[in-house]
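Reviewing the structure listed below.
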Amino acid sequence: MTIGPTVETSPAHVLHELGVATTLLTASPLAQVARHWAHVRYCATLTRRRGTLGLTPSAQNLVYHHKVTQSEQLGIGLALVVAKKVLQRQYRQWTFFAVDAEVALKAGFIDGAGAVERTTKSQKRPDYFLVGHHSSGRRSRMKIVVLECKGTHQPPSFAYGQLARAAVQVRTLNVGGRRPPALMVASCLAGRQITSYVLDPPGDDELWDGGPDDFDELLHGRPEDHHWRTRPATADEARTWPAAVGDAGPPGTIGPEPTDELPPGAPEVFDVPEERRGWFTQILTRAVAATALLFAGDSATARHYATPRQRGDEEPHSGQLRLFELDPSWAASTATSQPVADDLRAEGTLYRAPLPNGKTLDVFRGVESSLYRHLADGQVAAYLRAAPLIRHRWARSRPRDGVVSLGRDGTVLAIRVTERRR
């Protein structure tokens with residue numbers, strides 16, 4: 001579909017999407033700092049130039065390896081902004097939430113051949129699943145769209161090569177024997193303007209459909225981990241996929257070799273059985289809830305939405321390698337109530353960082369207060385239904401100072417510069 005020559009956004013919106021999407025599902029005591037850093041390190045990278053989004057001079061003047069990291073991270077935020085805009089125009093009155101594909105697949109699939117194979121497989125997985133929800137009062141419906149995010153400082157010709165590689169990654173999931181649709185977004189970062197290129201292969205996006213009571217009952221359930229294994233793509237499947245060649249960089253590309261080349265061999269396919277659609281819906285929606293709570297700094301509540309394998313606390317005899325070690329911080333929460341705009345309060349975490357000339361950078365991450373209470377009470381279905389209403393209600397709310405980004409998922413990012421306290 002046509003999304004037009006421009007997509008309306010802002011630097012804060014891009015940072016907001018990046019921060020939520022890269023929220024780490026981990027009990028590390030430094031996880032909160034990592035989430036905070038995802039916002040702080042890119043606060044001075046994006047600016048508006050004559051009505052378009054571009055890079056600041058300081059963001060352009062980086063050595064190559066820092067540019068690679070920058071383009072990868074900003075590519076995630078930009079891809080989510082663009083992808084959600086595409087889906088909003090295609091599916092009006094639907095709300096889409098980003099779920100880390102690695103986290104979701106972790107609950108169902110195991111890798112039994114060690115760390116090397118794990119790395120190879122993960123390179124061919126997509127980045128995110130966009131989980132769509134719509135409630136009409138009589139029916140509750142869920143959709144799934146696979147998303148792969150790319151970013152580069154190179155010319156558009158390089159982005160085309162990135163999209164070719166992404167086309168392999170987004171085809172590695174089957175639900176009930178059918179492939180979901182996908183979005184691949186490659187963003188070219190430049191000082192003058194940022195341009196995103198999109199491919200949208202079709203597929204079967206229906207994940208779950210039922211009455212509101214059935215939906216509430218489904219999401220009240222606590223899903224168990226499964227021990228499925230991936231399989232290599234068949235010859236028929238691979239024949240329809242683009243070749244992931246080692247020299248995928250297009251002619252005319254300048255600079256060092258690309259770093260996102262796919263390893264050789266057939267991609268691994270993740271097959272979710274038809275009879276487990278309800279289970280997969282539970283996993284995805286609970287991952288949405290856990291991500292929002294972790295974004296706000298409430299690890300204690302978020303832990304109840306993750307499976308044992310996602311948390312890393314499986315019994316030792318299972319043979320499953322730990323994703324991370326358990327830490328008491330799973331029982332901690334730094335979330336407090338904060339006013340962020342006129343009549344808008346959120347539960348979240350405030351971080352302060354010193355700036356030159358006696359200034360302080362304040363960054364607040366949280367969830368709108370009424371939505372936070374739904375999640376704290378285990379009411380995931382109520383949260384999904386209420387989130388878009390909150391966004392509409394507070395769309396015109398003015399921040400007290402600084403900038404505020406309120407997502408359609410109810411998460412809030414507020415950034416301001418204040419005088420340093422003596």
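Where residues in segment 132-150 are assigned to a strand (DSSP E or B) and among the basic types (Lys, Arg), which of them is surrounded by the most Cβ atoms within 10 Å (Cβ to Cβ)?
Among residues in segment 132-150 that are assigned to a strand (DSSP E or B) and among the basic types (Lys, Arg), the one surrounded by the most Cβ atoms within 10 Å (Cβ to Cβ) is LYS150.
Can you find, within segment 60-79, the residue that is surrounded by the most Cβ atoms within 10 Å (Cβ to Cβ) among those that are within 13 Å of SER10 (Cα to Cα) and of a type in the set (A, V, I, L, M)?
Within segment 60-79, the match that is surrounded by the most Cβ atoms within 10 Å (Cβ to Cβ) is LEU78.
Is segment 389-408 home to any residue that is modelled with pLDDT under 95, among the aliphatic types (A, V, I, L, M) and part of a loop (DSSP other than H, G, I, E, B)?
Yes, because at least one residue in segment 389-408 is modelled with pLDDT under 95, among the aliphatic types (A, V, I, L, M) and part of a loop (DSSP other than H, G, I, E, B).
Does THR95 satisfy the criteria of being more than 13 Å from the chain's Cα centre (by Cα), crowded, with 23+ Cβ neighbours inside 10 Å and in contact (Cβ under 8 Å) with a residue 60 or more places away in the chain? Before the answer, list the steps.
Values: more than 13 Å from the chain's Cα centre (by Cα): yes; crowded, with 23+ Cβ neighbours inside 10 Å: yes; in contact (Cβ under 8 Å) with a residue 60 or more places away in the chain: yes.
Yes.
Being loosely packed, with under 14 Cβ neighbours inside 10 Å, over 24 Å from PHE97 (Cβ atoms) and at pLDDT 90 or above narrows it down to one residue among PRO29, PRO57; which is it?
Just one listed residue meets the conditions, PRO57.
For segment 168-200, what are the residues that are under 18 Å from the mean Cα position of the chain (by Cα) and small (Gly, Ala, Ser)?
Answer for segment 168-200, where residues must be under 18 Å from the mean Cα position of the chain (by Cα) and small (Gly, Ala, Ser): ALA182, ALA186, SER187, SER196.
Please verify whether PRO180 is modelled with pLDDT of 95 or more, in contact with an Asp or Glu (Cβ under 6 Å, 6 or more places away or on another chain) and either assigned to a loop (DSSP other than H, G, I, E, B) or of a type in the set (Phe, Trp, Tyr) (or both), treating the condition exactly as stated.
Numbers: modelled with pLDDT of 95 or more: yes; in contact with an Asp or Glu (Cβ under 6 Å, 6 or more places away or on another chain): yes; either assigned to a loop (DSSP other than H, G, I, E, B) or of a type in the set (Phe, Trp, Tyr) (or both): yes.
Yes; evaluated as a whole, the condition is true for this residue.
Could you go through segment 323-341 and let me know if any residue there is among the aromatic types (Phe, Trp, Tyr), at pLDDT 90 or above and assigned to a helix (DSSP H, G or I). Please lay out each step first, then the result.
Pass one, segment 323-341, residues among the aromatic types (Phe, Trp, Tyr): 324, 330.
With at pLDDT 90 or above added as a condition, the list becomes none.
Checked against the condition, which is being among the aromatic types (Phe, Trp, Tyr), at pLDDT 90 or above and assigned to a helix (DSSP H, G or I), segment 323-341 yields no hits at all.
Could you list, in sequence order, all residues of segment 194-217 that are more than 30 Å from GLY161 (Cβ to Cβ) and aromatic (Phe, Trp, Tyr)?
Matches in segment 194-217: TRP208, PHE215.
Considering only segment 353-374, how many residues are loosely packed, with under 14 Cβ neighbours inside 10 Å and not in a loop (DSSP other than H, G, I, E, B)?
Adding up the residues that qualify gives 4.
Residues in segment 379-391: is at least one surrounded by 20 or more Cβ atoms within 10 Å (Cβ to Cβ), more than 19 Å from LEU15 (Cα to Cα) and among the small types (Gly, Ala, Ser)?
Filtering segment 379-391 down to residues surrounded by 20 or more Cβ atoms within 10 Å (Cβ to Cβ) leaves 380-381, 383-385, 387, 390.
Filter again for more than 19 Å from LEU15 (Cα to Cα), leaving 380-381, 383-385, 387, 390.
Now restrict to residues that are among the small types (Gly, Ala, Ser): 381, 387.
The answer is yes; a qualifying residue exists.
Hey, among THR23, THR52, which residue is surrounded by fewer than 19 Cβ atoms within 10 Å (Cβ to Cβ) and either touching a residue at least 12 places away in the same chain (Cβ under 8 Å) or touching a helix residue (DSSP H, G or I) at 6+ places or on another chain (Cβ under 7 Å) (or both)?
Result: THR52 is the single residue among THR23, THR52 that is surrounded by fewer than 19 Cβ atoms within 10 Å (Cβ to Cβ) and either touching a residue at least 12 places away in the same chain (Cβ under 8 Å) or touching a helix residue (DSSP H, G or I) at 6+ places or on another chain (Cβ under 7 Å) (or both).
Across segment 392-422, what is the total count of residues that are without any contact (Cβ under 8 Å) to a residue 40 or more places away in the chain and among the charged types (D, E, K, R)?
Residues in segment 392-422 being without any contact (Cβ under 8 Å) to a residue 40 or more places away in the chain and among the charged types (D, E, K, R): 4 in total.
The values are calculated or read from the model by the stated rules, or taken from the named source; none is laboratory data. Since we're looking at a predicted model, the values are computed, not measured. When we count neighbours, we look across all protein chains shown, and the Cβ atoms used for this are built from the backbone with ideal geometry, even at glycine.
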